[in-house]
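Some notes on the structure that comes next.
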């Protein structure tokens, strides 16, 4: 462990806009829009504004799973929000999510449009709207929602904590990386112990709890998040790996993880999604490519 840091917090904190880091250009200590920009609106009642980060993938997987079950009312338009370019600070986006984070959803199926923001809230809203992927038995419902909210509370330690200091911070801080690596491994152990008891997080059935957790912790144990697989020795979590692989083979998951993706292999990307045929009319290399979890 390094010695004590020479940094002493000032009496009053002030914003240093040039503090560095990969996302310094979009981080600021105030809310609200930075520019006027209306959001596009497609022809479906559900309008999603997102990016295929783990939080965004939760919702596109849910929508594709609903369509896989035959819920035609779950047809949606998915619009790409480029967070590195500040799209989330446009006036139209702030109107649907005052927190300026993806994903954000407008449901225009009723007389009055309904806005829903925060990925966990969107999952629960859609599950209740369509009566799917959320158990109705009180005990099973409580288990599902407990794991859903576990993810909402735990993932910031993985993303903003470990991920930031391990992968994105302008300098490596041993204490910060050790602290958050310890917490992420504890979280993986929590998941591994639960998945040793049941096929899915809420029990025998696949639910919104799995959809919430999988994009973060599934990609982590496959070495695809922060390139930290070896560092965290993710091969130790065999039950999480089993669960991850099973979910990755679901057709709706394979589709959902592509929507609003704008990086990686071309075969893994579908920048916008407006109809189911968008997956079929991609270039041949996308249609035939394998995209393992």
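The values are calculated or read from the model by the stated rules, or taken from the named source; none is laboratory data. This structure is a prediction, so every number in the text was calculated from the model and none was measured. So basically every Cβ, Gly included, is an ideal-geometry build from the backbone, and we count neighbours across all protein chains shown.
Some notes on this structure:
- From 127, 111, 205, residue being at pLDDT 95 or above and in a helix (DSSP H, G or I): 127
- Residues located in the stretch 71-82, provided they are assigned to a helix (DSSP H, G or I) and buried (at least 18 other Cβ atoms within 10 Å of the Cβ): 74
- Scan of the stretch 165-205 for residues that are under 18 Å from the mean Cα position of the chain (by Cα) and crowded, with 19+ Cβ neighbours inside 10 Å, ordered by number: 184, 187, 188, 191, 201
- The condition of being surrounded by 14 or more Cβ atoms within 10 Å (Cβ to Cβ) and under 19 Å from residue 274 (Cα atoms) holds for only one of 109, 50, 100, 91, that being 50.
- Tallying residues that are in a helix (DSSP H, G or I), in contact with a helix residue (DSSP H, G or I) (Cβ under 9 Å, 6 or more places away or on another chain) and free of Cβ contacts under 8 Å to residues at least 40 places away in the same chain within the stretch 215-235 yields 3.
A quick yes/no check of all residues on (1) closer than 22 Å to residue 158 by Cα; (2) in contact (Cβ under 8 Å) with a residue 24 or more places away in the chain:
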| site | (1), (2) |
| --- | --- |
| 15 | no, no |
| 28 | yes, no |
| 42 | no, yes |
| 68 | no, yes |
| 83 | yes, yes |
| 86 | no, yes |
| 99 | yes, yes |
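- Residue in the stretch 62-70 that is assigned to a loop (DSSP other than H, G, I, E, B) and surrounded by fewer than 22 Cβ atoms within 10 Å (Cβ to Cβ) present: yes
- Of all residues in the stretch 101-128 being in contact (Cβ under 8 Å) with a residue 12 or more places away in the chain and out of contact with any helix residue (DSSP H, G or I) (no Cβ under 8 Å at 6 or more places or on another chain), the one that is farthest from residue 64 (Cα to Cα): 108
- Reported count of residues in the stretch 155-179, each being closer than 17 Å to residue 219 by Cβ and touching a residue at least 12 places away in the same chain (Cβ under 8 Å), is 11.
- Failed condition for residue 134, given (1) under 17 Å from the mean Cα position of the chain (by Cα); (2) surrounded by 19 or more Cβ atoms within 10 Å (Cβ to Cβ); (3) within 24 Å of residue 219 (Cα to Cα): (1)
- In the stretch 112-131, the residues that are surrounded by fewer than 21 Cβ atoms within 10 Å (Cβ to Cβ) and closer than 23 Å to residue 33 by Cα: 113, 114, 115, 117, 118, 121
- Residues within the stretch 83-92 that are in a helix (DSSP H, G or I) and closer than 20 Å to residue 261 by Cβ, tallied: 5
- Single residue of the stretch 23-47 satisfying the filter (in contact with a helix residue (DSSP H, G or I) (Cβ under 6 Å, 6 or more places away or on another chain) and surrounded by 11 or more Cβ atoms within 10 Å (Cβ to Cβ)) that is nearest to residue 71 (Cα to Cα): 39
- Being at pLDDT 95 or above and assigned to a helix (DSSP H, G or I) is a property that holds for residue 56.
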